[in-house]
1. Give just the number: which of (1) closer than 30 Å to MET811 by Cα; (2) at pLDDT 90 or above; (3) open to solvent by less than 20 Å² (accessible area, probe 1.4 Å) does LEU895 not satisfy?
2. Residue check, LYS354 against (1) modelled with pLDDT of 85 or more; (2) of a type in the set (Lys, Arg); (3) within 30 Å of ALA297 (Cα to Cα), all met but one. Which one?
3. If you check LEU376 against the conditions, is it modelled with pLDDT of 90 or more, in a strand (DSSP E or B) and of a type in the set (A, V, I, L, M, F, W, C)?
4. Please specify each residue of region 402-417 satisfying the condition of being in contact with a helix residue (DSSP H, G or I) (Cβ under 8 Å, 6 or more places away or on another chain) and over 17 Å from VAL389 (Cβ atoms).
5. When you look at GLU367, is it modelled with pLDDT of 85 or more, among the acidic types (Asp, Glu), farther than 27 Å from CYS631 by Cα and not in a loop (DSSP other than H, G, I, E, B), yes or no?
6. Scan region 318-359 residue by residue and report those that are over 22 Å from ALA823 (Cα atoms) and assigned to a loop (DSSP other than H, G, I, E, B).
7. Within region 522-545, work out how many residues are open to solvent by less than 40 Å² (accessible area, probe 1.4 Å), of a type in the set (Val, Ile, Thr) and over 18 Å from THR633 (Cβ atoms).
8. Within region 87-107, take every residue that is assigned to a helix (DSSP H, G or I) and at pLDDT below 75 and give me the one that is surrounded by the fewest Cβ atoms within 10 Å (Cβ to Cβ).
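The values are calculated or read from the model by the stated rules, or taken from the named source; none is laboratory data. Only a predicted model underlies this, so the values are computations on that prediction, with no experimental measurement involved. Don't worry about glycine lacking a Cβ; one is built from the backbone with ideal geometry, like all the others, and counts go over all protein chains shown. What goes into the accessible areas is simple: the full protein's heavy atoms, side chains included, and nothing from ligands, DNA or RNA. Shrake-Rupley method; radii C 1.70, N 1.55, O 1.52, S 1.80 Å.
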Amino acid sequence: MALAAWRCGRGLGGVGVALTVWVCLSHRCSEWLRCCGGGEPRPRTVWLGHPEKRDQRYPRNVINNQKYNFFTFLPGVLFNQFKYFFNLYFLLLACSQFVPEMRLGALYTYWVPLGFVLAVTIIREAVEEIRCYTRDKEVNAQVYSRLTARGQPPAAQPWGRAAEWRAPPLLSTGSCFLRTDQLDGETDWKLRLPVACTQRLPTAADLLQIRSYVYAEEPNIDIHNFVGTFTREDSDPPISESLSIENALWAGTVTASGTCPRRGIELRSVMNTSNPRSKIGLFDLEVNCLTKILFGALVVVSLVMVALQHFAGRWYLQILRFLLLFSNIIPISLRVNLDMGKIVYSWVIRRDSKIPGTVVRSSTIPEQLGRISYLLTDKTGTLTQNEMVFKRLHLGTVAYGLDSMDEVQSHIFRCLTTGLGTNTGRTPRSDQCLPGVRRTMSSRVHEAVKAIALCHNVTPVYESNGVTDQAEASSPSESLFLPCKEVALVQWTESVGLTLVGRDQSSVQLRTPGDQILNFTILQLFPFTYESKRMGIIVRDESTGEITFYMKGADVVMAGIVQYNDWLEEECGNMAREGLRVLVVAKKSLAEEQYQDFEARYVQAKLSVHDRSLKVATVIESLEMEMELLCLTGVEDQLQADVRPTLETLRNAGIKVWMLTGDKLETATCTAKNAHLVTRNQDIHIFRLVTNRGEAHLELNAFRRKHDCALVISGDSLEVCLKYYEYEFMELACQCPAVVCCRCRGPVSRLSVLADLPVWSVRPAGDGGNDVSMIQESDCGVGVEGKEGKQASLAADFSITQFRHLGRLLMVHGRNSYKRSAALSQFVIHRSLCISAMQAVFSSVFYFASVPLYQGFLIIGYSTIYTMFPVFSLVLDKDVKSEVAMLYPELYKDLLKGRPLSYKTFLIWVLISIYQGSTIMYGALLLFESEFVHIVAISFTSLILTELLMVALTIQSWHWLMTVAELLSLACYIASLVFLHEFIGLGKQPMGGAFDVYFIATLSFLWKVSVITLVSCLPLYVLKYLRRRFSPPSYSKLTS
């Protein structure tokens, strides 16, 4: 958010106010600019000390994950319903009944079912929107304070409103830290510097007394760069300073004084996400396709009926009447049953005690969980815990692991308490370690540990009772800001004897094992950037006056900076292969004259107007030469619990996992092996770095010759391949059992991978803000609630608390949801086709008359109270127990081919429906020839019994609710015959028949109905037995 509170590191700046530009640039820029009268994204100027220019239009400072608002909800829901053929067909069907010539029955027989379908959908969407609104409101309700010249308001204000506060005393410090975890997934705290001229202001309130303005560039999605200027007009001469990414804050950080040129939908974090949308799964599209086939059958049957009449009379009107007469071929209850089934599946997932905390935020696509072929997963925070643990210190000739840290501690103690450091408050002089002088192991270890303790951006913050206090507060609890990797290093130096006790913008204090305080002055600080991949610091030892330049960074850049050695590359590779994140630490001693010369050139470069960044980098690089290599450090991001068995389960289920990470190639490869993403006996093809089309072509040819091997590719090479050989590369990559994409940073890079994978088969999983766009763009996304915040979780369709829960979510709930919906949809179609087949036989016998066989209550009751509960009870059916589904993930493979709902199974159910409908109707006509007036009651009773028996035939594992549903439906039908025989009677039927209680109680009626029912059902039971006997399904042995 734009106006959040962000917290300044204590002691980081002198007296003065830091004017830090908070840059949060736009999403939906075109929307906001149109409402403000503009047509194109444009820069913005924020004025200080100019009250007449402060009336600017800003977007609302809120997040919004809702698909609709108050005015678009009903039109949007209705549009999403009627844009598909299924619902549009029934809308046109119901509207046709307003035409007298086309009316076949009461209006309620058409409008009540359609209204019920729409009511269920609207209520479900409303509940999801309310839940989404509640989650957004919780985030938007966080309070903030705003720096202004007016008095202090009585209470803080929520983010979405403009609060006006006088600056509190806390805001008188300088630099601050921020995290970009919601942008690029990095949980590192990053240092941000204030504008120099405002740092000299006496108090925070003086910030509002100056006349100045901040210019911010137009909104864009680049999260690593910013262009702007700060101009102070009331100084003589006017001061103008360039603003870069070092002066920019991001949304979601914690308090300071500054200006806010962008907020709300202009945030860059929001720009990198897509608009929420209503998702529809592959299963629903397949059902929609089947309804189109049924509509084609409906048209054909109607034309055949009219053709058999030789197109006599007003034949075109007869076609329309037959279309309405056989409209039951497409069941309107199908949508109701499926939607209610989705609600049941979502409820079951939320109530599963074995995956606690799981949230279903999109209840329209639970079946999609059973159709996943590719899983795109983030690494940090998703597969790993995002908790860095120091594992190794390597000095070239010797390495110290966790089991030998006591040796490091003894070396530090010896070095600081012997002749190398006998004076109080003095550090061992580095002139005893000059080239040509053989250093002791203790001095080498001490130099390495001291470099690690000084070269970082970590700041200790002391808190007491939750309120920031001074360092000397009683019983303080210490916490550290900045990168988790750096925190792990600083905590390790504390464990071996050198403790960071204080730091501000100009000094660092270390405590030795003997409780001595070592003071260092910070002369220069060079923060880490994505371009440089290193950070450096120049400090002066106050006890000796020595000036030392310390630097640490990635091995790929440090290899060309340090002095020649024969072990750096080899050991970096070894540590990376163990899954450790490696940093190279080096130093360089500087003479006073050498530093003064550097400082003069550095200040001159910073004052340059043109190419300032390039000139500054050139000056710093002049110092980064022939540095002394001190050590290598290795930290490990431990895997989450049960990641290995979960990935193995997914692999056995036929799901191919793609891991996207920003780590270096060796670390990503090792993590993939360690997590069992790549099996031990599986070959790995490392895609060589390519920069142009020719190199990509050669490497793709080499890759094509490999078979059944995992692919490891860098983000840069991936972009080149997708640019020139998109189809060829994706064809080869999709054949790999696993893919690791390293150096894949930012939302755009990950979105490009998703865009080229096969539609409907991809399921992204992530926990950070950089995964949001990938999750939203996919047709089924899961968010993991981790240390990178809840942004990915809130934007996902399904939210889990741990990665291991993904296995049960797919193997159990995904599989059950898909198989249940497949059985439910086909049975509902079968139920409607049966009655349509009976209508076709009835019309054929009576000279192709367009007269309905059943009317009014019977039509509605057939698909509701008489058969609804048994049919809907199929949502409780399951072929195997959940424990078996988890133990044998190979069962999931059968679903990937879509066999539970296919054209083959659909055709089988159509043939069954035609057979049973024809058998019932012809059987009724044959056996009840003498009692022809009772034909409707006879055939309808046989139809109800047949449907109840077919439900029993379809069920694979009985639930007590299924038995209750069967008995309840049968009881309802018998009760309606006894007590409602006049209401459901057929006096208005063309045959003049009615439900005669005395007639249906006769023995002749009972045994003839039983015979018709047995003839329609018994062959199917025999076929089912023979199929299980000679061609059993894959799960049959597991259930026996």
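1. LEU895 satisfies every listed condition except (2).
2. If we test LYS354 against (1) modelled with pLDDT of 85 or more; (2) of a type in the set (Lys, Arg); (3) within 30 Å of ALA297 (Cα to Cα), just (3) comes out false.
3. Taking the combined requirement at face value, the residue does not satisfy it.
4. So the first thing to find is which residues in region 402-417 are in contact with a helix residue (DSSP H, G or I) (Cβ under 8 Å, 6 or more places away or on another chain), and the list is 405, 408-409, 411-412, 414-416.
Scanning region 402-417 gives GLN409, HIS411, ILE412, ARG414, CYS415, LEU416.
5. On the way: modelled with pLDDT of 85 or more: yes; among the acidic types (Asp, Glu): yes; farther than 27 Å from CYS631 by Cα: yes; not in a loop (DSSP other than H, G, I, E, B): yes.
Taking the combined requirement at face value, the residue satisfies it.
6. Within region 318-359, PHE326, ASP352, SER353, LYS354, ILE355, PRO356, GLY357, THR358 meet the criteria.
7. Within region 522-545, residues that are open to solvent by less than 40 Å² (accessible area, probe 1.4 Å), of a type in the set (Val, Ile, Thr) and over 18 Å from THR633 (Cβ atoms) number 4.
8. Within region 87-107, the first condition is being assigned to a helix (DSSP H, G or I), and the residues that meet it are 87-96, 100-102.
Filter once more, keeping what is at pLDDT below 75: 101-102.
Details: GLU101: 9, MET102: 15.
Within region 87-107, the match that is surrounded by the fewest Cβ atoms within 10 Å (Cβ to Cβ) is GLU101.
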